[in-house]
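Colleague: Before I ask anything, let me first share the structure, which is written out below as structure tokens.
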Amino acid sequence: MTMKKSITYLAALALTFGAVSCDESWNPPTSDQGELSLNSLGIEVSDAENIVRSRADVPSTDNFLVEIYDAQGALAGNWTYKSMPEVVTLGVGTGYRVDVKSHAIAKAEWEKPYYAGSATFDIEKSKITSIGVVTCRFSSLRVSVIFTDRLRALLGDDVEVTAVLNEDQTDGRLVFTPAETRSAYFDVAEGESSLALNFHGTVNGYVENFSRVYTDIAAGQHRQVTFDVRENGSDIPEESGGLNPTEGIYVTTDVTDEYVGGNAGVEEDVMDPSDRPGKEDPIDPPGPGPEEPDKDKPDFTSDYLDLKGVNMLSEFGEGKKPASLKILAPKGVKTLHVFIDSATLDDDMLGGVGLATKFYLDSGKADNADATDLSGALSGMGFPVGDKVVDQTEIPFDITGFMEILGIVGAGELHKFIITVTDNDGNVETATLQLQA
């Protein structure tokens, strides 16, 4: 199939294909209809790496819930992200909203962070509307409880800390024991502004009960609570709550309040009554500052493209802004790999013009082993290949000529060019060029 025929076929397919999955009670605002390209809907999970234990725990968006509502709040369609149709037909109207969320949130749950985001759009008669990328941000309250080793040595088997929203809640509570390493996640509704931590159990032979209420809680926060013991001698006043005044042992609670994705907040000592002259803890010297970036590692730069966000395809092309960037590798390039992530620019279509979705510019092949040689087609489209890549320290990467094709075959879609460079010292850097048609 030639490139021209591929473009014509795919464009016609995008315009004629339609699917609807709507609530039976929903009625379009008018009898006129337009189409919404769900194939253009992308999901970005913001701040996920700040609340999970490792990159492997970053949630997959496949099972994220996608819901469409009209301006009156009636449900017009709902799917999981992986099961969405490419196009849905909706009544012409303004004020539509798409909500995307990681799961149906519970009032309190272990190790299940909640992400949510939304976007609004309008439907015009006989036109296809694109949504673009919806950013889903961390939207629950995370609570972590830590027992220090000093305190653990004094704990009885009955110690537990109950975390509860607004104190009178029955469904919004979870119980931490010293063996619990998981974080708790709470659904903080509007008007809920407090979290209580109730400590109960035997410490050093004495039964202790106390509570601490944290106010001004909100979705997106991480409350890290540390329980510890301190010894300050026999001069602790009785009203201090000391567990054993004769030995000067008492429980303290420190909390760090952090907005996920932001800076850590203030640490406060909740149960320490001995902040008197001569009893202050020593001040730790400041730690080392942030590391300076390694200027010898590969990097990417562009005067026109946003290499961190989404670029609108309509702004780039012949006679417009160039869709070009520079690849910098002070140690010289060893390999340069490109992956085209696009629903319409697939291997079948690109194969018609001698290309593939994955290729190495250093070898000009579909991969760096014994694979199809694409160097002729790549050079013909203006890509540097072979000795124009290997050991070079600055390489131009220009896909301005792709803009017209992307606008035709991928209307409403998000196209990604994922570029990975490895230098001669083994340093690897990746840039993702995102273009929204």
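Colleague: Taking the criterion of being of a type in the set (D, E, K, R) and open to solvent by 60 Å² or more (accessible area, probe 1.4 Å), would at least one residue in the range 368-376 satisfy it? Write out each step before concluding.
Modeller: Kept after step one, since they are of a type in the set (D, E, K, R), are these residues of the range 368-376: 370, 373.
Of the ones still in play, those that are also open to solvent by 60 Å² or more (accessible area, probe 1.4 Å) are 370, 373.
Among the residues of the range 368-376, at least one is of a type in the set (D, E, K, R) and open to solvent by 60 Å² or more (accessible area, probe 1.4 Å), which makes the answer yes.
Colleague: Identify, from the list V98, V88, V92, the residue that is aliphatic (A, V, I, L, M), surrounded by fewer than 18 Cβ atoms within 10 Å (Cβ to Cβ) and more than 30 Å from V203 (Cα to Cα).
Modeller: Details: V98 fails: surrounded by fewer than 18 Cβ atoms within 10 Å (Cβ to Cβ); V88 fails: surrounded by fewer than 18 Cβ atoms within 10 Å (Cβ to Cβ).
From the options V98, V88, V92, the qualifying one is V92.
Colleague: I've got another one for you. Can you pull out every residue in the range 183-229 that is acidic (D, E) and either touching an Asp or Glu at 6+ places or on another chain (Cβ under 8 Å) or not in a strand (DSSP E or B) (or both)? Don't jump to the end; show me each part of the working.
Modeller: Applying the first criterion (acidic (D, E)) to the range 183-229 yields 187, 190, 192, 208, 216, 228.
Within the range 183-229, D187, E190, E192, D216, D228 meet the criteria.
Colleague: Moving on to the next point. Filter the range 178-202 down to the residues that are over 13 Å from D158 (Cα atoms), without any contact (Cβ under 8 Å) to a residue 60 or more places away in the chain and among the polar types (S, T, N, Q) and list them by number.
Modeller: Here is the first cut: in the range 178-202, the residues over 13 Å from D158 (Cα atoms) are 180-198.
Add one more test, that the residue is without any contact (Cβ under 8 Å) to a residue 60 or more places away in the chain, and what stays is 180-181, 188-198.
Within the range 178-202, T181, S193, S194, N198 meet the criteria.
Colleague: Among what's in the range 43-66 and is open to solvent by 30 Å² or more (accessible area, probe 1.4 Å), touching a Lys or Arg at 6+ places or on another chain (Cβ under 8 Å) and not in a loop (DSSP other than H, G, I, E, B), pick the residue that is modelled with the highest pLDDT.
Modeller: The qualifying residue modelled with the highest pLDDT is L65.
Colleague: Which of the following residues is open to solvent by 30 Å² or more (accessible area, probe 1.4 Å), β-branched (V, I, T) and at pLDDT below 50: T80, T16?
Modeller: None of the other options fit; the residue is T16.
Colleague: Please work out which one of (1) at negative phi; (2) among the polar types (S, T, N, Q); (3) modelled with pLDDT under 90; (4) exposed (fewer than 14 other Cβ atoms within 10 Å of the Cβ) is the condition T135 fails and give its number.
Modeller: Among (1) at negative phi; (2) among the polar types (S, T, N, Q); (3) modelled with pLDDT under 90; (4) exposed (fewer than 14 other Cβ atoms within 10 Å of the Cβ), the lone unmet condition for T135 is (4).
Colleague: Can you tell me which condition A104 does not meet? The list is (1) closer than 26 Å to G73 by Cβ; (2) under 26 Å from the mean Cα position of the chain (by Cα); (3) crowded, with 20+ Cβ neighbours inside 10 Å, and all the others hold.
Modeller: Only one criterion in (1) closer than 26 Å to G73 by Cβ; (2) under 26 Å from the mean Cα position of the chain (by Cα); (3) crowded, with 20+ Cβ neighbours inside 10 Å is unmet by A104, namely (3).
Colleague: What are the pairs, 6+ residues apart or on separate chains, where a residue within the range 77-106 that is more than 22 Å from E413 (Cβ to Cβ) has its Cβ under 6 Å from a residue that is part of a strand (DSSP E or B) and of a type in the set (A, V, I, L, M)?
Modeller: Qualifying pairs under 6 Å: V92/I123; G93/I123; K101/L65; K101/A116.
Colleague: Can I ask one more? When the range 107-129 is examined, which residues are found to be open to solvent by 40 Å² or more (accessible area, probe 1.4 Å), in contact (Cβ under 8 Å) with a residue 60 or more places away in the chain and of a type in the set (S, T, N, Q)?
Modeller: S126
Colleague: I've got another one for you. If you go through the range 332-367, how many residues are out of contact with any Asp or Glu (no Cβ under 7 Å at 6 or more places or on another chain) and open to solvent by 20 Å² or more (accessible area, probe 1.4 Å)?
Modeller: Restricting attention to the range 332-367, the residues satisfying the condition of being out of contact with any Asp or Glu (no Cβ under 7 Å at 6 or more places or on another chain) are 337-341, 345-355, 359, 361-363, 366-367.
Adding the requirement that they be open to solvent by 20 Å² or more (accessible area, probe 1.4 Å) leaves 337, 339, 341, 346-348, 351-354, 362-363, 366-367.
So the count comes out to 14.
Colleague: Of all residues in the range 295-327 being not in a loop (DSSP other than H, G, I, E, B) and not hydrophobic (A, V, I, L, M, F, W, C), which is least open to solvent (accessible area, probe 1.4 Å)?
Modeller: Going residue by residue through the range 295-327, those that are not in a loop (DSSP other than H, G, I, E, B) are 299-301, 310-316, 321, 324-327.
Subset that is not hydrophobic (A, V, I, L, M, F, W, C): 299, 301, 311, 314-315, 321, 324, 326.
Numbers: D299: 84, T301: 59, N311: 10, S314: 83, E315: 86, K321: 71, S324: 30, K326: 99 Å².
Top of the filtered list is N311.
Colleague: Follow-up. For the range 112-128, which positions are farther than 17 Å from H222 by Cα and either out of contact with any Ser or Thr (no Cβ under 7 Å at 6 or more places or on another chain) or assigned to a loop (DSSP other than H, G, I, E, B) (or both)?
Modeller: Listed by number, the residues that qualify are S118, A119, T120, E124, K125, S126, K127.
Colleague: Sticking with this one: Give the number of residues within the range 380-437 that are in a loop (DSSP other than H, G, I, E, B), acidic (D, E) and at pLDDT 85 or above. Give the steps one after another, and end with the answer.
Modeller: Quick first cut of the range 380-437, residues in a loop (DSSP other than H, G, I, E, B) only: 381-385, 389-393, 399, 410-413, 424-427, 437.
Next, from what is left, pick out any that are acidic (D, E): 391, 413, 425.
Adding the requirement that they be at pLDDT 85 or above leaves 391, 425.
Result for the range 380-437: 2.
Colleague: What tally of residues in the range 80-137 results from selecting those that are within 14 Å of V45 (Cα to Cα) and among the hydroxyl-bearing types (S, T, Y)?
Modeller: Residues that pass the stated criteria total 6.
The values are calculated or read from the model by the stated rules, or taken from the named source; none is laboratory data. No experiment lies behind these values; they were computed from the predicted model shown. As a convention, Cβ positions derive from the backbone with ideal geometry for all residues, glycine included, and neighbour counts pool all protein chains shown. Side chains are part of the model used for accessible areas, which takes the heavy atoms of the whole protein and leaves out ligands, DNA and RNA. Shrake-Rupley method; radii C 1.70, N 1.55, O 1.52, S 1.80 Å.
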